[in-house]
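Asks: Shown below is the structure under consideration.
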Amino acid sequence: MFALCDCNNFYASAERLFRPELIGKPLVVLSNNDGCVIARSEEAKACGIKMGDPEFLVRDLIKKFDIHVFSSNYVLYGDISERVMHNLGRWFPRLDVYSIDEAFGWLGGIRNLENYTPVIRSSVIRNTGIPVSIGVAPTKTLAKLANKLSKKAGGVMVLDTDKKISAAVKDFPVHDLWGVGRQHYKKFEQLNISTAGQLREMPEMWFKQNMTIIGQRMWNELWGRPVIPLDAVRETKKGITVSRSFRNYIEHPDILAEALTLYASRLAEKLRAENLRCLYLQVFLYTNKNREDHPQHFPSHTHKLLIASNSTSDLVSIAVRVSAMLFKYGVKYRKAGVIASGLVPESELQLNVFASHDNGKKDVVSQVLDKLNLAYGRGTLRMATEGYDKKWRLKHEYLSKGYTTRWADIIKVI
DNA sequence: TCTGGGGTCCTAGGACCC
DNA sequence: TCTGGGGTCCTAGGACCC
């Protein structure tokens, strides 16, 4: 049996952990650049704020109901997430951490799940202060479904018999199923399928012909036949991305180069932190697709390195060069990013006869960068092309403190 | 005026190989 | 006039996830 444990309104709950006076009050967390709502407390949901609502469109509601607003504080959420996962790990010998706020656990050979599961739940809540819900079922897809139902059933839902599964599936909205997005939903709608129960009754042949292998998997999982395994050991990453929207539009290549310098520097740091190098560096630019009156441009280019690298100066110079190549005058750019792929461990450096190389040594400049920035804070030492005033930099006006990660922000008890 | 960021998996199609 | 078949690898793009 699989258990899906997920934190309720995770970012909102994490913010509330250090602001107990906000318990029972409406609260939302905004995306980067304070763009749109990405988490709401139950009270904020009741005020009519929807997931993904742009902040400027719900500003009136926020004022009207006196909703507390936070910019996203990923350092804080990452740290709280680790605590939750650590606690879950004590109950599940095999834990598959699926995202920042949820994990699949394996419940093999345990009987009496109806009694056991609530114990796990209350233990995690007691130890971390973060409310969690747990759904239990014979497949991952059904565990996700059970988890969703658990939110309105006291935080725990165990589907351990065919009878319980059939009852749960019967009226479950098909668009809430794991793996059903807008496109698949449209397809189901045309066939008058609106519940998971109806979907399950379709012949397997239909999935084969209309939905690729993903549909067949879903069909089997809905019938309680596990097809998606527990992924206890995360495989190495396939790619690493750093991308951000700009606070203001960028319309000049030199300013664009500043942003790309920062993003490529961050990317190189991330690669070094994971002891990886990349063979491909992709650079992309976006315009604002919500503005039909602006000329649109979504160029991208992938550069292949002769030798895999994670050096800040290498990646920055490529990113800046490629961005200059992609840039067009007269276009308002909204966002840009860099993606590293073709990742190889530092220990497996493949040399190239046609290029100079460092014989596998770490490059000294990057080492110094990492050392100084770790000791004195990110950005202490950086590349000159990153610029000085950075008007394009992220907006986060409602940022909470680094309660658990920054000495100066630790709560004092007087 | 103001609409996030970082991932995964799958498929189709092209290039290339023998 | 008639020009194969079976692979692999890579990339782009779509769909989905949180």
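The values are calculated or read from the model by the stated rules, or taken from the named source; none is laboratory data. Bear in mind that the values here come from a model prediction, so they are computed numbers and not experimental data. Heads up, the Cβs are rebuilt from the backbone with ideal geometry, glycines too, and the neighbour counts pull from every protein chain shown. Surface accessibility is based on the protein's heavy atoms, side chains included, excluding ligands, DNA and RNA. Shrake-Rupley method; radii C 1.70, N 1.55, O 1.52, S 1.80 Å.
Asks: Work out the FRET efficiency for A:Ile410 and A:Glu204 from their Cβ-Cβ distance, taking R0 = 41 Å, and round it to the nearest 0.05.
Replies: Numbers: r = 57 Å, r/R0 = 1.38.
Given R0 = 41 Å and the Cβ-Cβ separation, E is 0.15.
Asks: Sticking with this one: If each of A:Ile110 and A:Tyr388 carries a label point 7 Å out from its Cα toward its Cβ, how far apart are those two points in nm?
Replies: Label at A:Ile110, label at A:Tyr388, 6.0 nm between them.
Asks: Return the FRET efficiency for the residue pair A:Leu191, A:Lys289: r is the Cβ-Cβ distance, R0 is 35 Å, and the value is rounded to the nearest 0.05. Before the final figure, lay out each step's value.
Replies: Values: r = 30 Å, r/R0 = 0.87.
Here the calculated transfer efficiency is 0.70.
Asks: To test your reading of the geometry: what angle, between 0 and 90 degrees and rounded to tens, separates the Cα axis of helix A:74-89 from the longest principal axis of chain A?
Replies: 40
Asks: Using only the alpha carbons, work out the radius of gyration and Dmax of segment A:206-253 in angstrom.
Replies: Cα only, segment A:206-253: 20.0, 56 Å (Rg, Dmax).
Asks: Put A:His294, A:His301 in order of accessible area, largest first, 1.4 Å probe: what do you get?
Replies: On the way: A:His294 25, A:His301 70 Å².
From most exposed to least exposed: A:His301, A:His294.
Asks: Round to the nearest 0.05 the FRET efficiency obtained for A:Lys151 and A:Leu399 when R0 = 41 Å and r is the Cβ-Cβ distance. Write out the running numbers ahead of the final one.
Replies: Values: r = 29 Å, r/R0 = 0.70.
Taking R0 as 41 Å, the efficiency between A:Lys151 and A:Leu399 is 0.90.
Asks: When a/c reaches 1.5 or more, the comparison of a/b and b/c decides; with that in mind, is segment A:41-191 rounded, prolate or oblate per its Cα gyration tensor?
Replies: oblate
Asks: Let me ask something additional. Summing -39500 (n - 2.57) over the DSSP H runs of n ≥ 4 in chain A and dividing by its residue number, what mean residue ellipticity at 222 nm do you reach, to the nearest 500 deg cm²/dmol? Intermediate results must be reported in sequence, preceding the final value.
Replies: Values: 14 runs with 152 residues, N = 414.
Result for chain A, helices only: -11000 deg cm²/dmol.
Asks: Shifting gears a bit: In what order, largest first, do A:His297, A:His86 sit by accessible area if the probe radius is 1.4 Å? Write down the numbers at each step before the final one.
Replies: Values: A:His297 30, A:His86 125 Å².
Largest accessible area first, the list is A:His86, A:His297.
Asks: At what distance in nm do the modelled label points of A:Asp66 and A:Glu21 sit from each other, each positioned 7 Å from its Cα along Cα→Cβ?
Replies: 1.2
Asks: So, one more: Among A:Ala273, A:Ala308, A:Ala336, whose mean-square fluctuation peaks in a Gaussian network model of chain A (Cα, cutoff 10 Å)?
Replies: A:Ala273
Asks: Compute from the Cα atoms of segment A:43-95 the Rg and the Dmax, the latter being the longest Cα-Cα distance, and quote both in angstrom.
Replies: Cα only, segment A:43-95: 16.5, 48 Å (Rg, Dmax).
Asks: How far, in degrees from 0 to 90, does helix A:113-128 lean away from the longest principal axis of the Cα atoms of chain A, to the nearest 10?
Replies: The angle comes out near 40 degrees.
Asks: Given 20 Å bins starting at zero, what is the percent of C-alpha pairs of chain A in each, up to the one with the largest pair distance?
Replies: In order of increasing distance, the bins hold 21, 50, 28, 1 percent.
Asks: Which value results for Rg/Rh of segment A:239-386 when Rg is the Cα radius of gyration and Rh the Kirkwood radius based on the inverse mean 1/r? Numbers along the way, then the final one.
Replies: Working: Rg = 15.9 Å, Rh = 15.9 Å.
That ratio equals 1.00.
Asks: Ignoring ligands, DNA and RNA, how do A:Lys187, A:Lys289, A:Lys152, A:Lys390 rank by accessible area with a 1.4 Å probe, largest first?
Replies: Most to least solvent-accessible, the answer reads A:Lys152, A:Lys289, A:Lys187, A:Lys390.
Asks: I would also like to ask the following. Roughly how far apart, in whole Å, are the Cα centres of segment A:147-191 and segment A:64-132?
Replies: Answer, in whole Å: 21.
Asks: Of A:Val365, A:Val37, A:Val322, which has the largest mean-square fluctuation in a 10 Å C-alpha GNM of chain A?
Replies: A:Val365
Asks: Let me ask something else about it. Using alpha carbons only, how many degrees (0 to 90, rounded to 10) separate the axis of helix A:364-376 from the longest principal axis of chain A?
Replies: Compared with the principal axis, the helix lies near 60 degrees.
Asks: Taking 0.36 nm per intervening residue step and subtracting the Cα-Cα distance, what contour gain separates A:Lys50 from A:Lys332 on full extension? Don't skip to the end; give the middle numbers.
Replies: Details: separation 282, 0.36 × 282 = 101.52 nm, distance 2.88 nm.
Length gained, A:Lys50 through A:Lys332: 98.6 nm.
Asks: What residue among A:Asn147, A:Asn115, A:Asn248 shows peak mean-square fluctuation when chain A is described by a Gaussian network model with Cα springs under 10 Å?
Replies: Among A:Asn147, A:Asn115, A:Asn248, the largest mean-square fluctuation in the Gaussian network model of chain A belongs to A:Asn115.
Asks: Right, next: Modelled label-to-label distance, A:Gln183 and A:Val227, 7 Å Cα→beta-carbon offset: nm?
Replies: Each label point is offset 7 Å from its Cα along the Cβ direction, giving 1.7 nm.
Asks: How big is the dipole moment of segment A:239-386 about its Cα centre under a simple scheme where the beta carbon of each Lys and Arg is +1, that of each Asp and Glu is -1, and everything else is neutral? Debye, nearest 20, please.
Replies: Values: 19 positive and 14 negative charges, 69 e Å.
It works out to roughly 320 debye.
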